[in-house]
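The values are calculated or read from the model by the stated rules, or taken from the named source; none is laboratory data. Owing to the predicted nature of the structure, the values given are computational and were not obtained by experimental measurement. For neighbour counting, all protein chains shown are included, and Cβ atoms are generated from backbone atoms with ideal geometry for every residue, glycine included. Side chains included, ligands, DNA and RNA excluded: accessible areas come from the protein's heavy atoms. Shrake-Rupley method; radii C 1.70, N 1.55, O 1.52, S 1.80 Å.
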Amino acid sequence: MPSVFLKHSFMSQLAVAECDDDAMVGAMLAFELALAEVQEASGAVPAGISQQMRQQLERAKVNVDEIAEGIASGGNVAIPFVKQSRALLADDLKRYWHQGATSQDVVDSALMLLLKSRLAALDNLLLRCRSAAVALMDTHIDTPMVGRTLMQQALPITFGVKVAHWALGLEQARRRLSAVELPVQFGGAVGVHSGWDSLGLEWMDALAERLGLSVPVLPWHTDRYPIHALGTSLDAVAGAAEKIALDVSLLTQTEVGEVAEPSAPGMGESSSMPHKRNPVRSALIRGAARQVHGHTSVLINAAAQPLERGLGEWHAEWAPLMESALLVEGALEQVAVLLEGLEVYPDNMWRNLTATGGGIMAEPVARLLAPTLGADRAKAVSAEASETSRREARPYSDVLAEHPDVKGGVDVEALRHACDPALYLGSSAAQVLRAKEWLKNS
């Protein structure tokens with residue numbers, strides 16, 4: 001599969017480079033060496049053994065291709081890795097290699113190690129996005145625009161409050177993700193440290209500390225809550241990012257033109273239409289998010305695993321989990337650039353507010369007329385005037401002022417005030433300030 005063409009473009013290139021085959025080998029090696037060290041510290045391995053292992057294996061070069069070939073017969077990458085690594089050790093060290101562990105201990109712990117740096121990168125990106133969003137909120141706290149429901153013009157809001165919702169989505173997902181634990185995995189063949197009694201739990205705890213992972217209550221071979229929690233948290237970030245990309249892509253449409261993605265040489269160009277400036281960053285974000293959603297469904301459906309070891313469910317987790325992290329990181333890299341350089345066009349926002357000639361203000365007008373005309377008649381008059389304004393391309397307030405049910409019975413200035421979108425923004429500004437306060441308290 002041409003991954004570099006079809007998959008990697010949606011991912012963080014830094015993450016792809018840091019999570020390659022060699023990185024997985026390094027993570028598995030880190031687990032095995034840490035295991036030997038904690039066993040040595042407890043007296044189960046002679047003094048100096050772990051250091052000799054480290055010296056011999058860190059100098060050696062494992063054959064990644066042979067390990068990959070061995071997966072077909074062993075069912076996972078740990079089995080050929082352990083076998084090849086043991087072969088590289090001196091004979092007097094072989095017996096202490098991979099002692100008390102099983103292949104799932106190696107793979108799960110290695111994945112947690114790889115993901116640890118990715119979660120740190122994701123948190124940094126989310127904080128960067130938050131800063132950019134707050135700057136936009138400050139700039140556009142009072143910038144009026146059309147609020148749209150069911151893809152149609154509804155009532156005025158501000159662009160600042162729209163960005164506030166984007167920021168809250170990302171920050172809620174960030175806080176959820178930051179609470180996810182990456183536990184070490186160590187249970188041996190059937191998860192009870194067979195042959196090592198209470199030493200097994202001591203080693204598990206010591207392993208977690210040495211590797212910088214969290215301590216699980218028990219080995220979690222078929223208790224896949226850690227994977228479920230991580231996968232769904234990544235999906236939440238993807239959803240928040242996708243919301244921003246969807247809104248931006250809709251607002252960049254030629255007929256709308258309220259925002260534009262940051263310009264860059266060649267960015268958004270069409271292969272056949274020179275005039276186009278496509279919202280490519282939004283497309284990449286949404287493409288990544290859609291893949292994450294699919295991966296999450298795999299992880300969710302693999303949550304219940306049989307007895308003491310999964311049969312295919314565990315195996316199905318590996319690629320979706322790692323790819324989700326890389327895809328979310330890639331999406332957030334695009335979101336950060338998007339928010340930091342978003343081009344906002346208040347004049348176009350105002351133009352679209354007045355596209356109906358003021359008819360967008362039919363609801364507040366009906367409220368103004370209700371005490372005089374009654375609620376039902378007020379609603380009918382405001383709707384009739386809105387349609388006339390649209391059809392005849394006349395200002396809504398002028399049409400209303402001439403309506404026989406309104407003329408002479410309602411103050412003209414009050415009528416014009418009710419038709420002004422900039423004066424009907426509700427709690428938009430207050431919401432921006434409230435959102436900023438919440439974002440600050442993180």
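Return the residues of segment 181-213 that are more than 19 Å from Ala303 (Cβ to Cβ), outside any helix (DSSP H, G or I) and touching a helix residue (DSSP H, G or I) at 6+ places or on another chain (Cβ under 6 Å); say none if nothing qualifies.
Val184, Phe186, His193, Leu213, listed by residue number.
Read through the list (1) open to solvent by less than 10 Å² (accessible area, probe 1.4 Å); (2) within 30 Å of Ala336 (Cα to Cα); (3) not acidic (Asp, Glu), then give the number of the only condition that Ser109 fails.
Every condition holds for Ser109 apart from (2).
Against the definition (of a type outside the set (Phe, Trp, Tyr), farther than 30 Å from Glu171 by Cα and in contact with a strand residue (DSSP E or B) (Cβ under 9 Å, 6 or more places away or on another chain)), how does Ala355 come out, yes or no?
So Ala355 fits the description; yes.
Applying the selection to segment 73-125, what residues are on the phi < 0 side of the Ramachandran plot and part of a loop (DSSP other than H, G, I, E, B)?
Once the filter is applied, which keeps residues that are on the phi < 0 side of the Ramachandran plot and part of a loop (DSSP other than H, G, I, E, B), segment 73-125 yields Asn76, Val77, Leu89, Ala90, Arg95, Tyr96, Trp97, Gln99, Ala101, Thr102.
If a residue has to be part of a helix (DSSP H, G or I), β-branched (Val, Ile, Thr), touching a residue at least 24 places away in the same chain (Cβ under 8 Å) and open to solvent by 10 Å² or more (accessible area, probe 1.4 Å) to count, how many in segment 58-72 make the cut?
The number of residues fulfilling the criteria is 1.
Which residue out of Glu308, Glu329, Glu317 is modelled with pLDDT of 95 or more, in a loop (DSSP other than H, G, I, E, B) and among the acidic types (Asp, Glu)?
Just a single option satisfies the conditions, and that option is Glu308.
Taking interchain pairs and intrachain pairs at least six residues apart, which have beta carbon atoms under 8 angstrom, with the first residue in segment 374-385 and closer than 15 Å to Tyr396 by Cβ and the second open to solvent by 40 Å² or more (accessible area, probe 1.4 Å) and in a helix (DSSP H, G or I)?
Ala378/Arg367; Ala378/Leu368; Ala378/Thr372; Val381/Leu373; Ser382/Glu363
I'd like to check something: does segment 10-29 contain any residue that is among the β-branched types (Val, Ile, Thr), outside any helix (DSSP H, G or I) and open to solvent by less than 50 Å² (accessible area, probe 1.4 Å)?
The answer is no; no qualifying residue exists.
Is it the case that some residue within segment 349-361 is part of a helix (DSSP H, G or I), closer than 17 Å to Gln152 by Cα, free of Cβ contacts under 8 Å to residues at least 60 places away in the same chain and not basic (Lys, Arg)?
Within segment 349-361, one or more residues are part of a helix (DSSP H, G or I), closer than 17 Å to Gln152 by Cα, free of Cβ contacts under 8 Å to residues at least 60 places away in the same chain and not basic (Lys, Arg).
Filter segment 329-361 for residues that are of a type in the set (Gly, Ala, Ser) and open to solvent by 40 Å² or more (accessible area, probe 1.4 Å) and give the result.
Ala355
Name the residues in segment 281-315 that are basic (Lys, Arg) and either in contact with a Ser or Thr (Cβ under 8 Å, 6 or more places away or on another chain) or open to solvent by 50 Å² or more (accessible area, probe 1.4 Å) (or both), would you?
Residues satisfying the conditions are Arg286, Arg290, Arg309.
Is there any pair linking a residue in segment 391-413 that is touching a residue at least 12 places away in the same chain (Cβ under 8 Å) to one that is among the charged types (D, E, K, R), with Cβ under 6 Å and at least six apart or on different chains, and which?
So the pair list comes out as Ser397/Arg416.
Being part of a helix (DSSP H, G or I) and surrounded by 12 or more Cβ atoms within 10 Å (Cβ to Cβ), is that true of even one residue in segment 405-412?
Scanning segment 405-412 turns up at least one residue that is part of a helix (DSSP H, G or I) and surrounded by 12 or more Cβ atoms within 10 Å (Cβ to Cβ).
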